[in-house]
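Data block below; observations after.
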Ligand code: SF4
């Protein structure tokens, strides 16, 4: 069986950035497994611009952004196996790559993969980085009444059809959901000659980025109806019309507000879900809020040596932050391998753990706990809020002491927020004899 | 004096800005931007709005049917559909690499259309 130091599942933006960062921090035996026939992941179908301003200080399209990282991976000679489906990841606590230590301290992981060329095989890995990305929330979860005719697509499927296959799935379009892919597809289909009649959003605010409302809807005179949903779809073979209605504060349709749009296509852009079947099989603990793994400051899951980054961890709206997060996971995996080689013990001595508690308006945080000994001088905490907030503050408290405060003119659930914690400040708050702390992050009005 | 609300599309932060114009349409003040790009965007948006156009072009003899493209610079907003009209008529032969010029001057804008993806020959 081939042995690797780091096996990365997925060659999308997260997997590629993790590989590059791990290599640059000294890791060598790295393997990337990708199920598609080319690396780049979802970026290959995101042909619009707006990527890379943070990472490369210029505005790139999705494929260009991917191309930069693919080149970096190739320059480093990192092995990437395409057309390879990972079937299972297991941990063998009985065997240990580092035989000098007690068997269960840093157990090997076994990745079972399959490809048409090589059939089914296993590789052993000292660390695994989960970078499988996310998928679209299925229609089934939506509960739309009416027939199930042809002409209903998820926004991502439509994006793939138009941008990769050159096939326009319809000519008169209604879009349900104002997630970014839906907004991007409203513009894309308009440019390709389709008529996008309306974008309906169940919530009273958009799920996508403001800039996408401006340049994808406003630019083309497409109206966005907030607090609206689809109440009926008619047509037996193919969609013939879609009926929208306004919803009340409990998201129930209000009688008498129905409006029917004649159309041949309904696109659904109703959110993304991290793809964590493999993680769950491995025993990785998942967050009920994000559906992604629960991780510490090193982006390490509860299974030691298994890291997660990118959309499999929590759905991002900016690929730049995916790359940043993935690089951190890559560095930490490389450091884990180094510690393993040095047969160094984990910093168990007086390990101080700080749990991060999302409160009043903050839905979750990544990471969800921090081991002070492993914390970098500055720790980025990413999170989303549960509602729209104007002129509010994001604040962090440890032991009743305010350790960070940031004013935000506007916050919305569709846009990821971040707060930086300084290790120095956390150290000031810890007291001798206490090893577990709770750090609160909350939205405050003043 | 008139005020206009604008959202900067310069980056995904999407700063909300307010621009003040006097009776002659001159821009008196711009507020709310986080970086200078926002100021530049607001001035341009009020005088001559432009956008980068991204789309796909058919590929012959390639591993994929389509290659993604963009206008190398932004083009006037009013020219977007003219650009699309030309893009739709195009077909290129594989191989294509990121940065290849597909059309030196699209729709008389003086801006080149370039490939943003790679497609190997079949
Ligand atoms: S003003 Fe600067 S920071 Fe704000 S959206 Fe524009 S480019 Fe981004």
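The values are calculated or read from the model by the stated rules, or taken from the named source; none is laboratory data. Everything numeric here is computed off the predicted structure, so don't read it as measured data. Glycine also receives a Cβ, built like all others from the backbone with ideal geometry; neighbour counts cover every protein chain displayed.
Tabulated data
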item	result
Yes/no for residue A:59 being in contact (Cβ under 8 Å) with a residue 12 or more places away in the chain and either within 11 Å of chain B (Cβ to nearest Cβ) or closer than 21 Å to residue A:299 by Cβ (or both)	no
Scope the range A:246-276; condition crowded, with 18+ Cβ neighbours inside 10 Å and farther than 29 Å from residue A:289 by Cβ; matching residues	A:263, A:264, A:265
Candidate set: the range B:18-34, residues that are within 15 Å of the ligand (Cβ to nearest atom) and in contact with a helix residue (DSSP H, G or I) (Cβ under 7 Å, 6 or more places away or on another chain); chosen: the one nearest to the other protein chains (Cβ to nearest Cβ)	B:33
All positions within the range A:189-216 that are more than 9 Å from every other protein chain (Cβ to nearest Cβ), under 22 Å from residue B:88 (Cα atoms) and more than 16 Å from the ligand (Cβ to nearest atom)	A:189, A:190, A:194, A:195, A:196
Test: residue A:195 is at pLDDT below 95 and not assigned by TED's automatic domain parsing to the domain that holds residue A:49	no
Only one of B:52, B:9 that is under 17 Å from the mean Cα position of the chain (by Cα) and farther than 30 Å from residue A:391 by Cα	B:52
Filtered residues of the range B:40-55 (kept if more than 9 Å from chain A (Cβ to nearest Cβ) and within 15 Å of the ligand (Cβ to nearest atom))	B:40, B:41, B:42, B:43, B:44, B:45, B:46, B:50
Some residue of the range A:403-417 being under 24 Å from residue A:326 (Cα atoms), in a strand (DSSP E or B) and under 23 Å from the mean Cα position of the chain (by Cα)	yes
Subset of the range B:67-79 (residues that are surrounded by 21 or more Cβ atoms within 10 Å (Cβ to Cβ) and within 9 Å of chain A (Cβ to nearest Cβ))	B:67, B:68, B:69, B:70
Candidates A:444, A:378 - the one that is touching a residue at least 40 places away in the same chain (Cβ under 8 Å), more than 23 Å from the chain's Cα centre (by Cα) and under 23 Å from residue B:13 (Cα atoms)	A:444
Any strands (runs of 3 or more DSSP E) falling wholly within the range A:243-290 and containing at least 2 residues that are free of Cβ contacts under 8 Å to residues at least 60 places away in the same chain and more than 26 Å from the chain's Cα centre (by Cα)	A:259-262
Residue check for residue A:299: crowded, with 19+ Cβ neighbours inside 10 Å, touching a strand residue (DSSP E or B) at 6+ places or on another chain (Cβ under 8 Å) and outside the structural domain of residue A:111 (by TED's automatic domain parsing)	no
Selection within the range A:26-51 - more than 10 Å from every other protein chain (Cβ to nearest Cβ) and either farther than 18 Å from residue A:321 by Cα or assigned to a loop (DSSP other than H, G, I, E, B) (or both)	A:26, A:27, A:28, A:29, A:30, A:31, A:32, A:33, A:34, A:35, A:36, A:39
Which listed residue is more than 16 Å from the ligand (Cβ to nearest atom), within 10 Å of another protein chain (Cβ to nearest Cβ) and either surrounded by fewer than 19 Cβ atoms within 10 Å (Cβ to Cβ) or over 30 Å from residue B:105 (Cβ atoms) (or both), from B:64, B:88, B:37	B:88
Count - residues of the range B:1-17 that are away from every other protein chain (no Cβ under 11 Å) and out of contact with any helix residue (DSSP H, G or I) (no Cβ under 9 Å at 6 or more places or on another chain)	3
Among the residues listed as A:420, A:406, the single one being within 14 Å of chain B (Cβ to nearest Cβ) and exposed (fewer than 15 other Cβ atoms within 10 Å of the Cβ)	A:406
Test result for residue A:156, more than 14 Å from chain B (Cβ to nearest Cβ) and either surrounded by fewer than 23 Cβ atoms within 10 Å (Cβ to Cβ) or touching a strand residue (DSSP E or B) at 6+ places or on another chain (Cβ under 7 Å) (or both)	yes
Residue check for residue B:10: in a loop (DSSP other than H, G, I, E, B) and surrounded by fewer than 18 Cβ atoms within 10 Å (Cβ to Cβ)	no
Number of the condition not met by residue B:93 [criteria: (1) over 16 Å from the mean Cα position of the chain (by Cα); (2) more than 16 Å from the ligand (Cβ to nearest atom); (3) at pLDDT below 95]	(3)
Single match in A:310, A:305 (criterion: at positive phi, under 15 Å from the mean Cα position of the chain (by Cα) and surrounded by 16 or more Cβ atoms within 10 Å (Cβ to Cβ))	A:310
Matching entry among A:375, A:411 (being crowded, with 20+ Cβ neighbours inside 10 Å and within 14 Å of chain B (Cβ to nearest Cβ))	A:411
Residues of the range A:34-57 satisfying the condition of being touching a strand residue (DSSP E or B) at 6+ places or on another chain (Cβ under 9 Å) and within 23 Å of residue A:179 (Cα to Cα)	A:42, A:43, A:44, A:45, A:46, A:47, A:48, A:49, A:50, A:51, A:52, A:53
Hits in the range B:14-33 (condition: part of a loop (DSSP other than H, G, I, E, B), surrounded by 14 or more Cβ atoms within 10 Å (Cβ to Cβ) and more than 18 Å from the chain's Cα centre (by Cα))	B:15, B:32, B:33
Checking residue B:4 against (1) part of a helix (DSSP H, G or I); (2) at pLDDT below 90, the condition it does not meet	(1)
Where residue B:98 falls short, out of the listed (1) in a loop (DSSP other than H, G, I, E, B); (2) more than 12 Å from chain A (Cβ to nearest Cβ); (3) closer than 18 Å to residue B:121 by Cβ	(2)
